[in-house]
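This report refers to the structure that appears directly beneath it.
The values are calculated or read from the model by the stated rules, or taken from the named source; none is laboratory data. The structure displayed is predicted, hence computed values, not measured ones. Don't worry about glycine lacking a Cβ; one is built from the backbone with ideal geometry, like all the others, and counts go over all protein chains shown. When the accessible area is computed, the model is the full protein with side chains, heavy atoms only, and any ligands, DNA or RNA have been set aside. Shrake-Rupley method; radii C 1.70, N 1.55, O 1.52, S 1.80 Å.
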Amino acid sequence: MQLIERVAELSAALQAERDAGRRVGLVPTMGALHAGHQSLVERAAAECDVVAVTVFVNPLQFDEIGDLAAYPRTLAADVALAAAAGASIVFAPPVVEMYPGHPAPPATTVHVAGLTDRLEGASRPGHFDGVATVVTKLLVMAGPCRAYFGEKDFQQLGVVRQLVRDLCLPVEVVGCATVREPDGLALSSRNSRLSPDERRAATVLHRALQAGAATVGAGERQAGEVRAAMASALGREPLVAVDYAEVVDPRSLEPVDEIVGEVRLVLAAAVGPVRLIDNLAAGRPTVDDGFAGRPTADGAPAGRAGVDADAERIGV
Ligand code: PAF
């Protein structure tokens, strides 16, 4: 396992791999790795010859300073998990390596218009500029590769696909299914900050998504009824403060009124002090709409993401 802190060293190491004819897989993370990250690394290792995991708590994407300070940092354990899952490089740069002027904001940032106006973008101003900026930098540093992102951050996955397409980055974006606890809670580094009562309450997020998807599966075509089913489930849990529970088009992330084809049920809620997000596909995808499995961002052929998305679709 190589632990790299310098950008030039990462770029040179991955270029050497490509020069030797090896396919590079990249798994960008903010550390505090869990079984969800592990599944990304394992998939990257299955599909690529060499896997690099990046571990960088990106200050640019935190809209609340307290949230940044509280974000778990567990580098030694992250390196061990990444190695066990099949990575051979961990890139864990200090903040000034990524942002040389830090704490001054970088002069150049990346803004993905449209997709970032809604949902998380509306609730967390500046968040997606931070994500888009750091992901762009990491992808440029890594060079041609396959990059693996989880579907739990569904809007982020769309933003990454969009920026890769718009900036013509030589990257194939692979979306991977959300990994869940047996009780349905989506794995997240933030879960470690939940108290036992909050942890129990947090399971309502997945139950609400399932209630919404079951409503779609029963034939409901009015998105308002599906929203109401999710809101009703969430309303039964007093420790949960809902930010949004929406039915959106899976590509534009615009709210829909009438359900025709596939939709994405998305929600965000504070459980005690911890903000959690989750999502689920529902409805029937239109024939070969190229969405679920597509890494259209780069024009590369569809990977296994569609299969994974299907694994989480309810109500078809
Ligand atoms: O999903 C994350 O962990 C982060 O948003 C990412 C993509 C690593 C960018 O910091």
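Can you give me the relative contact order of the range 145-266 as a percent, contacts being Cα pairs under 8 Å and 6 or more apart?
19 percent
With the other protein chains left in place, how much accessible area per residue, in square angstrom, belongs to the range 98-162 at a 1.4 angstrom probe?
For the range 98-162, the solvent-accessible area averages 36 Å² per residue.
Once you have all Cα-Cα distances for the range 1-57, histogram them in 10 Å bins from zero and send the whole-percent values.
23, 53, 23, 1
What value, in deg cm²/dmol to 500, does the helix sum -39500 (n - 2.57) over DSSP H runs of n ≥ 4 give at 222 nm once divided by the residues of the chain?
-11000 deg cm²/dmol, from helical runs alone.
Apply the Karplus parameterisation 6.51 cos²θ - 1.76 cosθ + 1.60, with θ equal to phi minus 60°, to every residue of the range 187-197 and state each ³J(HN,Hα) to the nearest whole Hz, in sequence, with x for glycine and proline.
5, 7, 4, 6, 4, 5, 8, 7, 6, x, 5
Based on the Cβ-Cβ distance of A77 and D257, what FRET efficiency does E = 1/(1 + (r/R0)^6) give at R0 = 35 Å, to the nearest 0.05?
0.15
Which far-off residues, 5 or more places away or on another chain, put their amide H under 5 Å from the one on G261, with H placed in the peptide plane?
Sorted by chain and number, the residues that satisfy this are R284.
Select from A270, L163, P182 the residue farthest towards the positive end of the dipole of the chain; place +1 on Cβ of Lys and Arg, -1 on Cβ of Asp and Glu, and compute about the Cα centre.
The listed residue farthest towards the positive side: P182.
Using a ≥ b ≥ c from the Cα gyration tensor of the range 71-191 (square roots of the eigenvalues), is it rounded, prolate or oblate, where a/c under 1.5 gives rounded and otherwise the larger of a/b and b/c decides, a/b for prolate?
The shape class here is rounded.
For the chain, taking Cα atoms only, what is the radius of gyration to one decimal and the Dmax to the nearest whole Å?
19.0, 57
For D49 paired with L68, estimate the spin-label separation in nm (one decimal), with each label point 7 Å from Cα along the Cα-to-Cβ line.
Result for the modelled spin labels: 4.0 nm.
G272's amide H: which non-local residues (gap 5+, or another chain) put their own amide H closer than 5 Å, with H modeled 1.01 Å from N in plane and none for Pro or chain starts?
A241
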